[in-house]
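Quick notes on the structure that follows.
The values are calculated or read from the model by the stated rules, or taken from the named source; none is laboratory data. Owing to the predicted nature of the structure, the values given are computational and were not obtained by experimental measurement. Note: ideal-geometry Cβ built from the backbone for every residue, glycine included; neighbour counts use all protein chains shown. Quick note on the areas: whole protein, heavy atoms, side chains included, nothing else; ligands and nucleic acids left out. Shrake-Rupley method; radii C 1.70, N 1.55, O 1.52, S 1.80 Å.
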Amino acid sequence: MSNRIEEIPDISKVKSLSSGIDGLDFQLDGGIPAGSLILVMCDPLSGIEKLSKQFWEADDSGKSSYFMLDSAVEAGMADAGNMNPGEISANMTGKWVVVDSLSTMLLKYGIDDIIGLLNEVSGKVRKEGGNILLIMYTGIHSAYEEILIKRNCDTIFTLNLSIHGNEVERNLQVNKIKGLDLPKRVFPYNILNKGIELSTTGRVV
């Protein structure tokens, strides 16, 4: 038996990939660590469709994958309405992959198949140095299902929506992120025609 101790990678040297949102990349010191399963918890009115497209379009090679289950399929996206988890995993290409949404797959196939999918694609994404963004809607799944999925993801964002009087407030919260310190505050964002916009002012740590 070998007594050699496996070298632990230096987290400071982990490459980051752009989220597609300049303000978010700024707040995260450059982007999201490559090799991450990214879970976005959100309300469907949070602007998630814009965030997910910005993430996908951060890859200008045209080779990345967007699996659409919940809405109209746009140019370049895969119509995944009838694809099972194994088929989605087998057809993933590129370093920026979006599954829109994990919620629909969970309701259709159940938690065991979803955890199997996460285990399968986690090895693939780490080997290829890409990132996969998974959309899950809040308030429709059991607490236990959410716990299992969160435990199997590397990075978790929550998009929060609240109303104060006649003002709508939206903010992004970083709940978990592999290889980085968690920010100590939430980040307000706006939904514009061009997409999600976060402030690029100084980061509070």
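A few comments on the model shown:
- For the stretch 186-205, filtered to residues that are in a loop (DSSP other than H, G, I, E, B) and among the charged types (D, E, K, R), the residue that is modelled with the highest pLDDT is Lys194.
- Selection status of Phe55, open to solvent by less than 10 Å² (accessible area, probe 1.4 Å), part of a helix (DSSP H, G or I) and touching a strand residue (DSSP E or B) at 6+ places or on another chain (Cβ under 8 Å): yes
- Members of the stretch 152-174 found to be under 29 Å from Ser122 (Cβ atoms) and touching a residue at least 24 places away in the same chain (Cβ under 8 Å), listed by number: Asn152, Cys153, Asp154, Thr155, Ile156, Phe157, Thr158, Leu159, Asn160, Leu172, Val174
- Matching option when the condition is within 12 Å of the chain's Cα centre (by Cα) and on the phi > 0 side of the Ramachandran plot, among Gly30, Gly35, Gly47, Gly62: Gly35
- Restricting the stretch 83-99 to residues that are under 14 Å from Gly62 (Cβ atoms) and among the β-branched types (Val, Ile, Thr) leaves a set whose member that is surrounded by the most Cβ atoms within 10 Å (Cβ to Cβ) is Val97.
- Contact annotation: residue pairs with Cβ atoms under 9 Å, 6 or more positions apart or on different chains, pairing a residue in the stretch 133-151 that is under 19 Å from Pro33 (Cβ atoms) with a partner that is open to solvent by 20 Å² or more (accessible area, probe 1.4 Å) and in a strand (DSSP E or B), are Leu133/Trp96; Lys150/Asn175; Lys150/Lys176.
- Test for Leu24: is it closer than 24 Å to Thr138 by Cβ, in contact with a helix residue (DSSP H, G or I) (Cβ under 6 Å, 6 or more places away or on another chain) and modelled with pLDDT of 95 or more: no
- Matching residues in the stretch 193-203 - criterion: being over 25 Å from Leu37 (Cα atoms) and open to solvent by less than 60 Å² (accessible area, probe 1.4 Å): Gly202
- Residues that are farther than 20 Å from Cys153 by Cα, among the aliphatic types (A, V, I, L, M) and open to solvent by less than 10 Å² (accessible area, probe 1.4 Å), drawn from the stretch 19-52: Ile21
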